[in-house]
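The structure appears right after this line, and notes come after that.
The values are calculated or read from the model by the stated rules, or taken from the named source; none is laboratory data. Please read all numbers here as calculations on a predicted model, not as lab measurements. Heads up, the Cβs are rebuilt from the backbone with ideal geometry, glycines too, and the neighbour counts pull from every protein chain shown.
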Amino acid sequence: MDVKKLKEELIDFSKEIGIDKIGFTTADTFIELKNRLIKQQELNYQSGFEEANIDKRVTPSLLLEKPQSIISIALAYPAKMRVRVKSKTGERRGIFSRASWGMDYHHILRDRLKKLEEFILTKVPNARLKSMVDTGELSDRAVAERAGIGWSGKNCAIITPEFGSYVYLGEMITSIPFEPDSPIEDQCGTCTKCIEACPTGALVQGGQINAQRCISFLTQTKNLIPDEFRDKIGNRLYGCDSCQTACPVNKGKDFHFHDEMEADPEISKPLLTPMLKMSNREFKTKFGHVSGAWRGKKPIQRNAIIALAHFKDISAIPELTDILQNEASSVLKGTAAWALGKIGGESALAALEKAKKNETDNEVQQEIEKGLSFYK
């Protein structure tokens, strides 16, 4: 087997199937990453969505028998909507982060990785391969950094010279000894714009994030959003792009290479009030194909309520009142109570006072008190 030739053929094939960048690295253990992950765990900075077993996250040999190399791929996604819609009084809109525009990127990258696997197996039928995207054991960013896809920025994202940090990442562990590519030198320098732009101070320092404070993480939780973060969330329904949009490398970066990644503005920047009444089936029909829907409708509805409070949207008071009176979820009821107080007005006050007399859930009662406190 001519591994050098196979690598060249694989690079050419990757371009044919819509992979924007490909890199190769060894299957050695990610020793430095392991130390960082242990520290993150000690500090309780992890989100809880990651693979719990740190050894699996850093040791390719635990995931594939006798691995020899790892292939890293990157696909560039758009930074701007081709068709834009504006939020206006009475028709306020929320926003999904750029990484959740278009089709769920997990499906897109798995498609590309599957095609790469099939190509490799036509050349090396006995090759052992294991692909993963995001939810796999390995750290996509650590693999991409070592494979020369980009450098790990202070915002904890991989930044590529060509596409900035607007890239989806995936990887494949292989039993083929591909020659590794060289990592890219860190180019962040003394810039700290991403750290300064983080609304909640989640970027503790360059390259270190407290996921528990990250808005992207918070929008995916299922409980009540802690008080200190509610005003920071704004109209974000899923994810956060602040540390990306602040990055000077990302300035002017906007690539539209993949039709399946294009944003439908009515999905990526939807009207808020209609979301409050959606059934599970309606939510799945409209949003089920985007990555931001993976936690179901209730976290998105909770975030929509916070967004309506952010806009002080008086027209939403009847819907918020209905949630407070009739919704089964204490999280949605409680968030609606807080939002009514935030929006203000006599009808909102009346709804809160009525709920205070009738509500039996202690958690919701606390939120009603928070709502009423805005009138004091």
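The table for this structure:
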quantity: Residue within the range 293-301 that is small (Gly, Ala, Ser) and closer than 15 Å to residue 233 by Cβ present; calculated: no
quantity: Qualifying residue in the range 180-199 (condition: crowded, with 19+ Cβ neighbours inside 10 Å, at pLDDT 95 or above, touching a helix residue (DSSP H, G or I) at 6+ places or on another chain (Cβ under 7 Å) and over 30 Å from residue 4 (Cβ atoms)); calculated: yes
quantity: Residue match in the range 240-255 (condition: under 19 Å from the mean Cα position of the chain (by Cα) and either closer than 30 Å to residue 361 by Cβ or modelled with pLDDT under 95 (or both)); calculated: yes
quantity: Residue within the range 281-297 that is in contact with a Leu (Cβ under 7 Å, 6 or more places away or on another chain), modelled with pLDDT of 95 or more and among the hydrophobic types (A, V, I, L, M, F, W, C) present; calculated: no
quantity: Within the range 330-370, tally of residues that are farther than 21 Å from residue 304 by Cα, out of contact with any Lys or Arg (no Cβ under 9 Å at 6 or more places or on another chain) and of a type outside the set (Ser, Thr, Tyr); calculated: 8
quantity: Complete set of residues in the range 354-364 that are under 33 Å from the mean Cα position of the chain (by Cα) and surrounded by fewer than 16 Cβ atoms within 10 Å (Cβ to Cβ); calculated: 361, 362, 363
quantity: Complete set of residues in the range 117-149 that are within 22 Å of the chain's Cα centre (by Cα) and either of a type in the set (A, V, I, L, M, F, W, C) or closer than 15 Å to residue 7 by Cα (or both); calculated: 132, 133, 138, 142, 143, 144, 149
quantity: All positions within the range 337-376 that are within 25 Å of residue 274 (Cβ to Cβ) and assigned to a loop (DSSP other than H, G, I, E, B); calculated: 344, 345
quantity: Residue within the range 94-107 that is modelled with pLDDT of 95 or more, under 23 Å from the mean Cα position of the chain (by Cα), part of a strand (DSSP E or B) and small (Gly, Ala, Ser) present; calculated: no
quantity: Entirely in the range 270-336, the helices (runs of 4 or more DSSP H) that have 1 or more residues that are of a type in the set (Gly, Ala, Ser), buried (at least 17 other Cβ atoms within 10 Å of the Cβ) and over 21 Å from the mean Cα position of the chain (by Cα); calculated: 297-311
quantity: Residue list for the range 1-46, filter: exposed (fewer than 14 other Cβ atoms within 10 Å of the Cβ), touching a residue at least 40 places away in the same chain (Cβ under 8 Å) and of a type in the set (Lys, Arg); calculated: 4
quantity: Matching entry among 57, 84 (being in a helix (DSSP H, G or I) and either of a type in the set (Lys, Arg) or touching a strand residue (DSSP E or B) at 6+ places or on another chain (Cβ under 6 Å) (or both)); calculated: 57
quantity: Residue count for the range 245-303, restricted to those that are touching a residue at least 12 places away in the same chain (Cβ under 8 Å), out of contact with any strand residue (DSSP E or B) (no Cβ under 9 Å at 6 or more places or on another chain), under 25 Å from residue 324 (Cβ atoms) and among the hydroxyl-bearing types (Ser, Thr, Tyr); calculated: 0
quantity: Where residue 255 falls short, out of the listed (1) buried (at least 21 other Cβ atoms within 10 Å of the Cβ); (2) not in a helix (DSSP H, G or I); calculated: (1)
quantity: Condition met for residue 181 (under 25 Å from residue 211 (Cα atoms) and either among the charged types (D, E, K, R) or more than 26 Å from the chain's Cα centre (by Cα) (or both)); calculated: no
quantity: Single match in 94, 136 (criterion: of a type in the set (Gly, Ala, Ser), surrounded by fewer than 22 Cβ atoms within 10 Å (Cβ to Cβ) and farther than 21 Å from residue 181 by Cα); calculated: 136
quantity: Search result, residues across the range 158-179 that are within 19 Å of residue 258 (Cβ to Cβ), assigned to a loop (DSSP other than H, G, I, E, B) and among the hydrophobic types (A, V, I, L, M, F, W, C); calculated: 163
quantity: Complete set of residues in the range 38-66 that are under 28 Å from residue 108 (Cα atoms) and among the aliphatic types (A, V, I, L, M); calculated: 52, 54, 58, 62, 63, 64
